[in-house]
Amino acid sequence: MGKTLQYSSITKKIIMSLAGLFLTSFLVVHLIINLLILFDDSRELFNQAAHFMATNPLIQIFQWVLFAGFIIHIIFGVVLQIQNWLARPVRYEKKGSSEQSYFSKFMIHTGAIVLIFLVIHFVNFFVKAKFGHIESISYASGTYEDLGWLIVELFKDGAYVVFYVVAILLLGFHLDHGFQSAFQSLGLQHSRYTPFIKLAGTLFSALITLGFIAIPLVIYFS
Ligand code: HEM
């Protein structure tokens, strides 16, 4: 932590942006694999993909990099936020005096909720997949752990469906602002391109959000 505090604010923002963009790339892969569960009732495609992810040695190394990415993004985010609060102890009185978008002011809050979501999500799936016993299922292509069954079972519970949908919506707002903010921190900003970057970020965040939300909703209502 001591060393983290010594970096300049912009260095911290650059490191955070790179970690954030890296985490986003994980989300794309995670979403594509999870969506497979909606396309066949036998869960073969999903279970096959999950088996590949759980056994491929390169992916195993990538998991540690992913974990480090989360830790870096969280630590730098918290430190930057605390420094912001310390630098401006009195809140702006006038509402609407800043040009920032509404959700940009709540990055630390939406981030904290996504973190709580991740802890619960880990208990729901990751811990069970790694340390628990999951029934096997056989297909023509082979025998795999039926991880897909865990997902289908979880989303039979309306409370989990609501929790996942709300958390993913907040993740969407976090991504929307994070995307444009990352480009700004990396200096890839130009008056001509900024609207395009903002639009691309919003479209991307909307797609990720809708994709993830579809999974609990489709499972619950089908
Ligand atoms: C409907 C939505 C989602 C479903 C069905 C889902 C499903 C899963 C499953 C089954 C696993 C365990 C994989 C394994 O250990 O082999 C997992 C792991 C994980 N999920 Fe999700 N997930 C969803 C949304 C999310 C979101 C929104 C995030 C990020 C904010 C996320 C982050 C992670 C992480 C970091 C892991 C552990 C890393 C890994 O196993 O590769 N998930 N998820």
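Inspection of segment 207-218 identifies at least one residue that is within 15 Å of the ligand (Cβ to nearest atom), in contact (Cβ under 8 Å) with a residue 24 or more places away in the chain and closer than 17 Å to F106 by Cβ. Among the residues of segment 155-173, how many are within 17 Å of F22 (Cα to Cα) and near the ligand (Cβ under 9 Å from one of its atoms)? Number of matching residues: 1. Sub-9 Å Cβ pairs linking a first residue in segment 68-86 that is more than 16 Å from S181 (Cα to Cα) to a second residue that is not in a helix (DSSP H, G or I), at least 6 apart or interchain, are I75/M1; V79/M1; V79/Y7, ordered by first then second residue. Put simply, of H51, H30 the only residue that is without any contact (Cβ under 8 Å) to a residue 12 or more places away in the chain, surrounded by 15 or more Cβ atoms within 10 Å (Cβ to Cβ) and within 12 Å of the ligand (Cβ to nearest atom) is H30. Considering (1) closer than 20 Å to H174 by Cβ; (2) surrounded by 15 or more Cβ atoms within 10 Å (Cβ to Cβ); (3) at pLDDT 95 or above, the lone condition that L21 does not fulfil carries the number (3). Could you list, in sequence order, all residues of segment 185-199 that are outside any helix (DSSP H, G or I) and small (G, A, S)? Once the filter is applied, which keeps residues that are outside any helix (DSSP H, G or I) and small (G, A, S), segment 185-199 yields G187, S191.
Can you name the residue in segment 69-87 that is within 15 Å of the ligand (Cβ to nearest atom) and surrounded by 12 or more Cβ atoms within 10 Å (Cβ to Cβ) and is also farthest from S138 (Cα to Cα) among such residues? Only one residue tops the list, namely G77. Residues in segment 136-153 that are away from the ligand (no atom under 14 Å from the Cβ), in contact with a helix residue (DSSP H, G or I) (Cβ under 7 Å, 6 or more places away or on another chain) and of a type outside the set (A, V, I, L, M, F, W, C): Y139, S141. Out of A159, A182, report the one residue that is modelled with pLDDT of 95 or more and either of a type in the set (A, V, I, L, M) or part of a loop (DSSP other than H, G, I, E, B) (or both). Going through A159, A182 in turn, just one is modelled with pLDDT of 95 or more and either of a type in the set (A, V, I, L, M) or part of a loop (DSSP other than H, G, I, E, B) (or both): A159. Of the set (1) surrounded by 16 or more Cβ atoms within 10 Å (Cβ to Cβ); (2) touching a residue at least 40 places away in the same chain (Cβ under 8 Å); (3) not hydrophobic (A, V, I, L, M, F, W, C), all apply to K156 but (1).
The values are calculated or read from the model by the stated rules, or taken from the named source; none is laboratory data. Computed from a predicted structure; not experimentally measured. Ideal geometry is used to build each Cβ from the backbone, glycine not excepted, and the neighbour counts take in all protein chains shown.
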